[in-house]
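S.K.: To start, I am sharing the structure in question, which I have written as structure tokens.
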Amino acid sequence: MIDIDINFVERGTGSITIIFVHGFTCSLSDWSNQMPSLSDRYRCVAVDLPGHGDSAAPREATIETLANSVNHMLDKLALDEVVLIGHSMGCRVISEMARQSRARVRGLVYIDGSIVADENVEAAVSSSIEIIDRVGMRQFLDMFYHDFFAVSTALAIRESIWGRFSSIDIPFAQELWLNMIRWDALQSRSILTSLDVPALVIQSTFLNSDLKRVSLSPGQSSTWVDEVSKAVDGAVVQIIENVGHFPMLEAPEQTNEVIHRFIQKIRGDVPARSANSTTSSRAG
């Protein structure tokens, strides 16, 4: 196990604990609308991944290291009944956490995930390196951040997310980004097919072939949604329209209700929905 000092916040009580895992270059503050609401029903723990927020940087910037570190934290907290919720890159982290420590995981919630590489790992990595070499990593991140938002995204949310940009460790971010591409190509699909726990996909955007983020329209899907639906038996998909990449911030009430109903189904409180069911709702 890799022992890294991880910053986390904890609220609420319950037999099932929700673990909130943020995305690339983000922090636990992204769950500010989930912790107060869901902690009325569940024990909730939001983490700063290693190298993010107030957590120490790891020796290696890899998805495997981030997942291992959070699993080690859960070991120390003696948490053995958890639902893992990941946003964006955090979707990869929770998949890897489940691969490393399956016994404790009761369910997985993927929020606006993606797959940014096909199975040709060398081509995918070379393409990203070429872009980064051409524009520089900081400019690459600048473009990436500009794509986070929809027209409807509130100014306060935009400013909050942009507020962390100046504090990003650029070399760490570059190393992690390239590892994320390798992980997508080599691990993401095989891990999905190995999952044997309930999964919920909450999706609001997708990345097109130019890595530009586009809000989903009614009836649309994405490579990520299709991969999860195909691989995970009984996966439930909830599309939230008219928001950007952060539905938990932009449509918190809808997001929280979908999560709550999913956990109710895991506990057997409500009837399960049919396999691979898809619903759509609008924000704004």
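The values are calculated or read from the model by the stated rules, or taken from the named source; none is laboratory data. Keep in mind that what you see is a predicted model, and the values were worked out from it rather than measured. Cβ: placed from backbone, ideal geometry, glycine included. Neighbour counts: every protein chain shown.
S.K.: Quick check: is even one residue across segment 128-144 among the hydrophobic types (A, V, I, L, M, F, W, C), surrounded by fewer than 16 Cβ atoms within 10 Å (Cβ to Cβ), touching a residue at least 40 places away in the same chain (Cβ under 8 Å) and within 28 Å of D233 (Cβ to Cβ)?
M.R.: No.
S.K.: Considering (1) within 13 Å of the chain's Cα centre (by Cα); (2) within 24 Å of E241 (Cβ to Cβ), say which one D147 fails and leave the rest.
M.R.: Among (1) within 13 Å of the chain's Cα centre (by Cα); (2) within 24 Å of E241 (Cβ to Cβ), D147 violates only (1).
S.K.: Of the conditions (1) farther than 29 Å from I18 by Cα; (2) surrounded by 17 or more Cβ atoms within 10 Å (Cβ to Cβ); (3) out of contact with any Leu (no Cβ under 7 Å at 6 or more places or on another chain), I115 fails just one. Which one is it?
M.R.: Looking at each condition in turn, I115 falls short on (1).
S.K.: Determine whether segment 245-265 contains at least one residue that is at pLDDT 90 or above, among the hydroxyl-bearing types (S, T, Y) and within 21 Å of G107 (Cα to Cα). Walk me through it before giving the result.
M.R.: Here is the first cut: in segment 245-265, the ones at pLDDT 90 or above are 245-265.
Now drop any that are not among the hydroxyl-bearing types (S, T, Y), which leaves 255.
If we keep only those that are within 21 Å of G107 (Cα to Cα) too, we end up with 255.
Within segment 245-265, one or more residues are at pLDDT 90 or above, among the hydroxyl-bearing types (S, T, Y) and within 21 Å of G107 (Cα to Cα).
S.K.: Which count do you get for residues in segment 149-175 that are crowded, with 20+ Cβ neighbours inside 10 Å and in contact with a Phe, Trp or Tyr (Cβ under 7 Å, 6 or more places away or on another chain)?
M.R.: Residues in segment 149-175 being crowded, with 20+ Cβ neighbours inside 10 Å and in contact with a Phe, Trp or Tyr (Cβ under 7 Å, 6 or more places away or on another chain): 1 in total.
S.K.: Can you report the number of residues in segment 221-244 which are modelled with pLDDT under 90 and over 19 Å from V258 (Cα atoms)?
M.R.: Summing the residues that are modelled with pLDDT under 90 and over 19 Å from V258 (Cα atoms) in segment 221-244 gives 2.
S.K.: Quick one: is V201 aliphatic (A, V, I, L, M) and within 27 Å of N242 (Cα to Cα)? Lay out the reasoning, then the answer.
M.R.: Values: aliphatic (A, V, I, L, M): yes; within 27 Å of N242 (Cα to Cα): yes.
Judged against the criteria, V201 is a match.
S.K.: Where in segment 18-108 are there helices (runs of 4 or more DSSP H), lying fully within it, with 3 or more residues that are under 17 Å from the mean Cα position of the chain (by Cα) and either surrounded by 24 or more Cβ atoms within 10 Å (Cβ to Cβ) or not basic (K, R) (or both)?
M.R.: Values: elements: 35-38, 63-76, 89-100.
Fully inside segment 18-108 and qualifying: 63-76, 89-100.
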